[in-house]
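Scroll down for the structure; my scribbles are underneath it.
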Amino acid sequence: MLSGFLILLSFLLAGDVVGYLFALPLPGPVLGMALLLAWLAWHRRAPPENLRVASTGILQYLSLLFVPAGVGVILHLERLQREWPAILGAVLFGTLISVGLTGLLLKRIRTKREMQHD
């Protein structure tokens, strides 16, 4: 389990380093997760058991990560009440864009697969 945590932490560190060196506008943990995904895809096999155990252990406590967000919402409740139309518009617009782009991507993937099977 410890080696699984070390793998996760090394990719977290790698993501932070890549984000810092290239001045990317993405958080280091997101870059680290993308690097881990690329590493797993490159090996084309199931994740190592130690990594699976470590990540499952972390996922059990994932709901605790929403506590700071909830505190932030309560802390800035007055501002949210003032700016709710802009926030609602951004959430709805972002959701519509995400759903639309996902649909287009799915359509393109299905078309390519149908062409390959013919």
Which three extents, in angstrom, do the Cα atoms of region 2-70 have along their principal axes, listed largest first? 37, 34, 18
If each K or R counts +1 and each D or E counts -1, the residues other than S3 whose Cβ falls under 12 Å of its Cβ total 0
Give the whole-number value, in cubic angstrom per residue, of the convex hull volume spanned by the C-alpha atoms of region 64-118. 72
With the alpha-carbon atoms as the only input, what is the per residue convex hull volume for the chain in Å³? 175
Between S55 and T102, the two model label points (7 Å from Cα along the beta-carbon direction) sit apart by a distance in nm of 2.0
Helix by helix through the chain, keep the DSSP H runs that span 18 Å or more along the axis on Cα and average at least 0.0 on Kyte-Doolittle, and give those back in order. 2-21, 28-43, 84-117
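Throughout, read-outs are computed from the coordinates displayed, never taken from laboratory work. Predicted model only: the values in this text are computed from it and were never measured. FYI the Cβ positions are ideal-geometry reconstructions off the backbone, even for glycines, and counts take in every protein chain you see.
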